[in-house]
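In what follows, a single structure is set out as structure tokens and then discussed.
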Amino acid sequence: MARTTVNYPFVHTARITTGACQNHFRGPSRGRRIIVTKKVVGRFEVNESKPRVQEQGNEGLLNLAAESWRFARLFSRVLDKLDAGEAPRYTSQLRYFIKRIEESLESAQLKLVNLEGHPYDPGITATALNIADFGPEDHLLIEQMVEPIVMGPNGIVKSGTVLLKKTD
């Protein structure tokens, strides 16, 4: 089996063998791994090339995003207790932090969804921690999101967790 090494401007090194093969390398798409299926018959042809986020990396990103979301909520509660002169500086830093988290998630085609203040519907993809405290006829409102819902390009990636309260 013949082996050829080809260097590309955005590829570390791709090894091509005679026949069909699959190579993994880092491409220009913000560090995401690109999987390229190649078929070599006399000359080099690329059959398929698409960016994929590895599942382990995706799970790590989801966990980091959820923890960052919790930290941002905690930090905003701390900001409410600061003096009026100090709070604006830290508020700007918090907005920048949240913006960077959202940009990182957007590059992985993910989005955090916060449903606080919305009416509770049993069909939403969030687990209600205190649902047993209410009757079936009660009108419920989502009082607090404990964990956000994570949406991906194909739908729900991770369900959230909520606390409910009764509306008057």
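Brief remarks on what is shown
- With a requirement of 2 or more residues that are touching a Gly at 6+ places or on another chain (Cβ under 6 Å) and exposed (fewer than 14 other Cβ atoms within 10 Å of the Cβ), none of the strands (runs of 3 or more DSSP E) lying completely within region 52-162 satisfies it.
- Residue in region 51-58 that is modelled with pLDDT of 50 or more, closer than 13 Å to LEU105 by Cα and in contact with a strand residue (DSSP E or B) (Cβ under 9 Å, 6 or more places away or on another chain) present: yes
The values are calculated or read from the model by the stated rules, or taken from the named source; none is laboratory data. No experiment lies behind these values; they were computed from the predicted model shown. Note that we place each Cβ from the backbone using ideal geometry, even for glycine, and neighbour counts take in every protein chain shown.
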